[in-house]
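Since the structure comes first, as structure tokens, the remarks are kept for the end.
Just so it is clear, none of the values below were taken in a lab; they were calculated from the coordinates. Computed from a predicted model, the values in this text were never measured in an experiment. In this analysis, Cβ positions are derived from the backbone assuming ideal geometry, glycine residues included, and neighbour counts consider all displayed protein chains.
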Amino acid sequence: MKLRLIKTNFVLALITFLGMNAALAQNVTITVNAAQGKRAVSPNIYGRNESFDQPVAFYKGAGLRFVRVGGGNNMSAYNWRLKLDVHPDWFNNVYASDWDVYAQKINDNFPNMQGMFAFQLLGRVASSGQNNFPDWTYMQAHPGWSGNNQNLAGGGTPDPKGGGKALVEGNIDLFSKPWPADSSVAILDHWFGAKGKGFNKNQLQYWSMDNEVDVWNGTHDWAMPTLISASAFLDRYIELAKKAKALYPDIKLCGPVTTSEWQWYKWSNESIRIDGKYYCWFEYFIKRCADEEKASGVRVLDVFDIHHYPYGPTDNDALQNYRIFYDKNYNYPGANGLYSINGGWDTSSKKEYVFQRINDWLTKYFGANNGITLGLSEWSPGPNEPNLASVIYATHLGTFANNGVEYFTPWNWFTGMWESLHLYSRYAKNFSVSSTSTLENTVSAYTTVNAPADSMTVILVNRDMSAARTVTINLNEFSVSNGSYKTLQLSSLPAAETFKSHTSNALKSNTVIVASNSFDITVPALSTTAVILKSGTTGISEIKNPKDEINIFPNPANNEVKVSMNLSQGNPASLNGLILLNSYGQTVSVENLQPGIYDYTINTSNLPEGVYLLKIGSQVQKLIVQH
């Protein structure tokens, strides 16, 4: 009897276990609509904070397109004239740092890469390393001593107990000097001016308005022991922004480069009020920038830039952290500063959706279609485990592609992330379109198409930590011929780095069978899978009238391309004109046409190298520009 009871309980437990896992591993249906939600994907989301410690071929193979250079807190006291910076986490010692070398490397080796550097707003920069604290000597004489945050450069006296403050702080005039806005922006002429370095300003458009300015009294207390007011900081910001734009109007100013979740809403302990209304830090910053633009006509903010080191109590929480940015239904476990958003302390506020809030404030103060974008220039995936890091990073890449984020440069870079970067950068297309999942928070699809909309990549991310999922994909507004199509998958990554190059990596190739614009695929737990599809029809109408003739030459083009057309009466080109598009679908030039014989010359000398599309009526021809 006892044996039968044990056996019965085991069977019931097994049935319950299998039933629970069957429920957890339910099938997923994803609907793709290539005609909905179409928007350009910024290539700059394929970026990172970079010191260029790998060979050039490695970065090209990975598809790295954007780099933020400068060393975080070291940016604030960088002296571009003397090529020195202050290391605020190491006694304020001064070390050599040459941004010219990094800019030159970008210009010489990466024609499709953008480099991001920084202006200094702190007010002081490095001036000499002759008065560095003798760290090696002192630490050898005091084993176990920990006082790296003491302000000792400039002849300070260390506290032998470690930690805390120095017994006597160093004289800042011995290792730093005042640095006004004019000195910061003068690097633009040093790099781009007639007598400068000759760097390509089109590859160095993005300029960070310093770094984590909201915590200077902690990170740079040697220069600013008490944080200036929010208003005083914005006075500095606006002065420098206007000077920079006066020199080079096309640069992109990126601010306020806020530290983390708390500082998104609070500037120190300040309560910011205008005419009785309370403003959290982000709203106040946006309002001040908008007021300045209305008053002076100068745009002082191009990209709203934040930092984020997310909190996830568990790995499952970390896998959901992508929802912090736009999901109005997600309760973020790390919500903290959000409590103070309305001036009080409301612990019931858990729904972060920070990028959506920023967009709403931008619309409120700058108006709709204001052109100001969003960027995340420091971030960490959280867990340092290859499969988790890879999937968390992949989810953020997809989320930012869908929402038009301008750039994304993680600070922490873990094994597995190069693989995700490579998969997206090399195989995703240039335009995001709509994908809807029946189990969105577990399995998501990030779908992109190319400019002619004849090629599509569906990237599936399975965030389930234990179960594979069977996914049905239904395609709408994109016709695919029945047949076999290639898949590329990342799963079960080992502890050691697997990415070596575009041809040597962890991608596993397979196929799916498409029938009637639908296919099924099983994706493993913690995996990212790209399905590469080609339209059954190219979407480009063939010339029906044999008298129609269109030729472009030379192709590739250098300084110019000639377009020769012989169009019949009624050809749609006569209505739509001759349109040149870049690879992101943006119009470069338009020429109105009438039926007849035409010869048209397009100046390509000022166009960046790359692939362009020449659209004439319903026809599209590819043009390559090479200088």
*Please list the non-local residues whose amide H lies under 5 Å from the amide H of VAL588, H modeled 1.01 Å from N, same-chain partners needing a gap of 5 or more.*
LEU580, LEU581, ASN582
_Please report the net charge: other residues with Cβ closer than 13 Å to the Cβ of TYR393, K and R +1, D and E -1._
0
*Rounded to a whole number of µm²/s, how large is the Stokes-Einstein D of the range 343-480 at 20 °C and 1.002 mPa s, given Rh as the Kirkwood radius over C-alpha pairs?*
125 µm²/s
*Provide the gained length on full extension for the span ASN384 to ASN592, in nm with one decimal, where the gain is 0.36 nm per separating residue minus the Cα-Cα distance.*
69.3 nm
*Which of the lysines could be linked to LYS351 by a straight reach, that is with a Cα gap under 18 Å, when you skip same-chain ones fewer than 8 residues away?*
LYS266, LYS328
*Could you please report the charge total around PRO524, scoring K, R as +1 and D, E as -1 over all other residues with beta-carbon less than 14 angstrom from its beta-carbon?*
+2
*Local electrostatic count, ILE106, Cβ distance below 13 Å [Lys/Arg +1, Asp/Glu -1]*: +3
*Stokes-Einstein D for the chain at 4 °C, 1.567 mPa s, Kirkwood Rh over Cα pairs, in µm²/s?*
47 µm²/s
*Rounded to the nearest 0.05, what FRET efficiency do ASP275 and THR472 give with R0 = 41 Å and r taken as the Cβ-Cβ distance? Could you check?*
0.15
*Under the Karplus curve 6.51 cos²θ - 1.76 cosθ + 1.60, θ = phi - 60°, whole-Hz ³J(HN,Hα) for the range 260-276, x wherever Gly or Pro sits*: 6, 4, 4, 6, 4, 10, 10, 9, 6, 9, 6, 10, 8, 10, 10, 6, x
*Over the range 170-320, what is the percentage of antiparallel beta bridges among all DSSP beta bridges, to the nearest 5?*
30 percent
*What ³J(HN,Hα) values, in whole Hz, does the Karplus curve 6.51 cos²θ - 1.76 cosθ + 1.60 give for the range 502-517 when θ = phi - 60°, with x put for Gly and Pro?*
4, 9, 10, 7, 8, 5, 9, 8, 8, 9, 10, 9, 9, 9, 6, 6
*With a point put 7 Å past each Cα toward its Cβ, work out how far ASN342 is from SER516 in nm, to one decimal.*
5.2 nm
_Helix-only [θ]222 nm of the chain, DSSP H runs n ≥ 4, -39500 (n - 2.57) each, per residue, nearest 500_ = -7000 deg cm²/dmol
*asked:* Going through the cross-link list LYS277/LYS364; LYS105/LYS195; LYS177/LYS242, which pairs have a Cα-Cα distance over 27 Å in this structure?
replied: none
*What FRET efficiency, computed as 1/(1 + (r/R0)^6) with R0 = 30 Å and r the Cβ-Cβ distance, is obtained for ILE624 and SER509, rounded to the nearest 0.05?*
0.60
*Filter the DSSP H helices in the chain by two things, a Kyte-Doolittle mean of at least 0.0 and an axial alpha-carbon span of 20 angstrom or more, and list the hits by number.*
2-24, 230-247, 386-402
*Mind grabbing the base-10 log of I(q)/I(0) for the range 257-370 at q = 0.09, 0.11, 0.13 Å⁻¹? Debye formula, identical points on the C-alpha positions, no solvent, two decimal places.*
-0.26, -0.38, -0.53
*What is the spin-label model distance, in nm, from ASP135 to ASP317 if the labels are put 7 Å beyond Cα along the C-beta direction?*
3.3 nm
*So for TYR46, TYR95, TYR102, fewest C-beta neighbours within 10 Å to most, what's the order?*
TYR95, TYR102, TYR46
*On full extension of the chain, what length is gained from HIS142 through LYS83, given 0.36 nm per residue of separation minus the C-alpha to C-alpha distance?*
18.1 nm
*Tell me, what is the FRET efficiency for GLU440 and LYS294 to the nearest 0.05, using R0 = 30 angstrom and their Cβ-Cβ distance as r?*
0.15
*When the Cα centres of the range 454-478 and the range 235-314 are compared, how far apart do they sit, in Å?*
38 Å
*Between their Cα atoms, which of LYS60/LYS429; LYS294/LYS350; LYS38/LYS622; LYS38/LYS201; LYS197/LYS245; LYS201/LYS287 are more than 23 Å away from each other?*
LYS294/LYS350; LYS38/LYS201; LYS201/LYS287
_To make sure I understand, if each residue's beta carbon is the centre and we count other beta carbons within 10 Å, what order do TYR248, TYR424 fall in, fewest to most?_
TYR248, TYR424
*In whole Hz, with x marking every Gly and Pro, tabulate ³J(HN,Hα) for the range 142-159 from phi via Karplus 6.51 cos²θ - 1.76 cosθ + 1.60, θ = phi - 60°.*
10, x, x, 5, 10, x, 5, 8, 6, 7, 10, 4, x, x, x, 10, x, 7
*asked:* As a test, work out the antiparallel percent of DSSP beta bridges whose residues both lie in the chain, rounded to the nearest 5.
replied: 70 percent
*How many percent of all Cα-Cα pairs in the range 297-422 sit more than 20 Å apart?*
47 percent
*Run the quick spin-label model on TRP411 and PHE58: label points 7 Å from Cα toward the beta carbon, then report their separation in nm to one decimal.*
2.2 nm
